[in-house]
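Written below as structure tokens is the structure these notes are about.
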Amino acid sequence: MLSTDMDILKTAEDWRRGGRGVAIATVVETWGSAPRPVGSHLVIDEDTNFLGSVSGGCVEGAVITEALDVIADGRPRMIEFGVADETAWQVGLSCGGRISVYVERVD
Amino acid sequence: MRLDLLSRLNAERAARRAAILVTDVESGEQRLVLEMEVGSDPLAQELQGGLRQGKSGFVERDGRRYFLTVQAPPVKVIVIGAVHISQALAPMAKGLDLDVTIVDPRTAFATPERFPDVPVVAEWPDVVLPDLGIDRYTALVALTHDPKIDDPALTAALRSDSFYIGALGSRKTHERRVQRLTESGFTEADIARIHAPIGLDIGAVSPAEIALSIMAEIVASLRKERRRST
């Protein structure tokens, strides 16, 4: 299925109503040549099903891992990815851009 | 995000109304501001800016940063003419997340069999367009070649703030169209809003290629602020 921003947020709502733990990741800031624009969403459930994207596929894995923690403890987090940030994350954007992603649980 | 906020955000989108989710990323606090409430919000100026540009992003007020998730209504494409090109165009528009509706008074053309996945209205444009509503999130594409059908639709679109108006036909056909629209009172500037000949110049030949060139032109109009050249 082709996922648009519209059905990504609708899916988040449906998954939550179906009783699953759900997190929404949103691209909130970009620098340089980021692959997905600010406002793009990725939704993740507790079983690591996901829909949408926050990059061209480079950092989704790390966001999903982080989202599982957010689903577990309910605390929203801001995560930064990019070549400039080598301290916290091993994954980077191969395109050389930098992005901030806000991950929050649907309560 | 609270589930009720998420539901309301989805409901607003389904109802084709703009809405903005305001997130204080430090505290995680959130609120949803509906289009009609924007003016009375403490962040009114910032929210209006967000709505105008249709772009999500951070704003700052009194040393606090708020992320605005700006949700504009889905873009609508009204196609006049249930013709061969429209059959190719409808699935492309759907794939691009656009709401497409086909209008054609000729009942032999406007059948659900020919357009299985999109709404088809077998009615005259001047009858149905007031109900469909042409707003600034709407593109209108006239493809019948028949002035009796196309002209009333173009007239309605020119009186609206539709972001894209396109009409099929050769330069000669368009010259005659310009003449008719001028006679009915439209100015040169009004008529210049019509993209004709329709579609980006990609040398399109087949109905699917013409549909692609039209869709590309619609996207180019929608995203004109981002284009590298104009």
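Read-outs: derived from the displayed coordinates by stated rules, not from any lab. Fair warning: this is a prediction, and the values are worked out from it, not measured in the lab. Note that each Cβ is placed from the backbone with ideal geometry, even for glycine, and that neighbours are counted across all protein chains shown.
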Completion exercise
Fewest-first ordering of B:Val121, B:Val79, A:Val63 by Cβ atoms within 10 Å yields B:Val121, A:Val63, B:Val79
Practice task
Check the straight Cα-Cα distances from B:Lys224 and name the lysines below 27 Å, setting aside those fewer than 8 residues away within the same chain.
Solution key: B:Lys55, B:Lys76, B:Lys94
Practice task
Please give every one of the lysines within straight-line cross-link reach of A:Lys10, meaning a C-alpha to C-alpha distance under 16 Å, and leave out same-chain neighbours fewer than 8 residues apart.
Solution key: none
Fill in the blank from the handout: For B:Met36, B:Met215, ascending order of other Cβ atoms within 10 Å (fewest first) is B:Met36, B:Met215
Handout entry: Other-chain or far-sequence residues with amide H under 5 Å of A:Ser40's (modelled H)
Key = A:Val27
Exercise for the section: For region B:3-71, just say rounded, prolate or oblate: build the C-alpha gyration tensor, square-root its eigenvalues into a ≥ b ≥ c, call rounded for a/c under 1.5, and beyond that prolate if a/b exceeds b/c, oblate if not. Expected result: oblate
Problem - Low-density loop positions, GluC sites (Glu not before Pro), region B:1-94 - DSSP coil, at most 12 other Cβ in 10 Å - result: B:Glu26, B:Glu29
Handout entry: Cα-based Kirkwood hydrodynamic radius, chain B, one decimal, Å
Key = 19.3 Å
Fill in the blank from the handout: For the protein assembly as shown, the Kirkwood Rh over every pair of distinct alpha carbons, in Å, works out to 22.0 Å
Exercise for the section: Report, please, the projected area of region A:34-87 averaged over directions, based on the convex hull of its C-alpha atoms, in nm². Expected result: 4.1 nm²
Practice task
Starting from the Cα-Cα distance between B:Ala108 and B:Arg176, subtract it from 0.36 nm times their residue separation and give me the gain in nm to one decimal.
Solution key: 21.8 nm
